[in-house]
Amino acid sequence: MDTSARSRLVEIVSIFFVVIMIMIIKIGHVSADIDACPKCGTLEVPYPFSTDDSCGDPRYRIYCNNGDDLEFMSAEGFKYKILSFDSSAYKLIIRPPDLIVEDDNSPRCYSSDFYSQGLRLDEHLPFNISTRNTVMLLNCSDNLLRSPLNCSSNSFCRQFEEKIDACRGTLCCHYLKDSHMTSYMIRVRLGGCTAYTSVVDIQPHDPVDNWNYGIELQWLPPN
């Protein structure tokens, strides 16, 4: 085979492989579109998330509450409203639990998932808590003073207490949910802290009004 014929053959084979790759990508997108679940409220449900058995991947199960709100369920069965998805980064943000204050109750200040001991993810599912969350623990016991957390007067949680007027006058601490900590749990309990909130990607000089309240989760894409 002469050089010209060989070059032509290489060119044809290269074009063939490019066409095949384009077809595979298009088929993948079509498949994802077919398997994607319908919109819930104002949020699109991106693949691989599943709101029922007829769509998505069951390992990525979320819940459409009355057709209005998408919810993520913890390992303990507590549901958190989903605020947003970032499919390109494989991340979603859920709303932190409500804070409940009852003067005649013990604890008098607690998060609505207190009786589930806070947020715990199922470690067998493809989710974890991202490292961009600054967690503020509220109504803490003195035991926390021996921890490496920031429980000082300049902690972010003090700004939160003053602005939101929640759990004010109690010991509070904050920490960045970094890679050295468990990526599956934000824990609250008696003897520790009974309430918490979380802010995504907080910056030191951001005013409280600009904080992005939420808990950012990451997911692993399907194999």
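The values are calculated or read from the model by the stated rules, or taken from the named source; none is laboratory data. Quick caveat: nothing in here was measured; it's all calculated off a predicted structure. Here the Cβ is made from the backbone with ideal geometry for all residues, glycine too, and neighbour counts use every protein chain on show.
Worth pointing out:
- Counting only residues that are out of contact with any Lys or Arg (no Cβ under 6 Å at 6 or more places or on another chain), of a type outside the set (S, T, N, Q) and not in a helix (DSSP H, G or I), the range 130-158 holds 8 of them.
- Within the range 165-186, none of the residues are part of a helix (DSSP H, G or I) and either over 15 Å from the mean Cα position of the chain (by Cα) or of a type in the set (A, V, I, L, M, F, W, C) (or both).
- Set side by side, the residues 97, 107 differ, and just one is in contact with a strand residue (DSSP E or B) (Cβ under 8 Å, 6 or more places away or on another chain), in contact (Cβ under 8 Å) with a residue 40 or more places away in the chain and farther than 20 Å from residue 212 by Cα, which is 107.
- Beta carbons closer than 6 Å, at least 6 apart along the sequence or on distinct chains, pair a first residue in the range 53-73 that is farther than 17 Å from residue 215 by Cβ and free of Cβ contacts under 8 Å to residues at least 24 places away in the same chain with a second that is small (Gly, Ala, Ser) and in a strand (DSSP E or B) for 56/50; 58/50; 61/50.
- Every pair of residues 6+ apart whose Cβ atoms lie under 6 Å, when the first sits in the range 121-139 and is closer than 23 Å to residue 203 by Cβ while the second is in a loop (DSSP other than H, G, I, E, B) and hydrophobic (A, V, I, L, M, F, W, C): 134/202; 138/167
- For the range 82-98, a residue qualifies if it is farther than 17 Å from residue 219 by Cβ and crowded, with 19+ Cβ neighbours inside 10 Å, and the qualifying residues are 96, 97.
- Some residue of the range 192-208 being modelled with pLDDT of 90 or more, within 14 Å of residue 147 (Cβ to Cβ) and of a type outside the set (Phe, Trp, Tyr): yes
- The set of residues from the range 189-223 being of a type in the set (A, V, I, L, M, F, W, C), touching a Pro at 6+ places or on another chain (Cβ under 9 Å) and not in a strand (DSSP E or B) comprises 190, 220.
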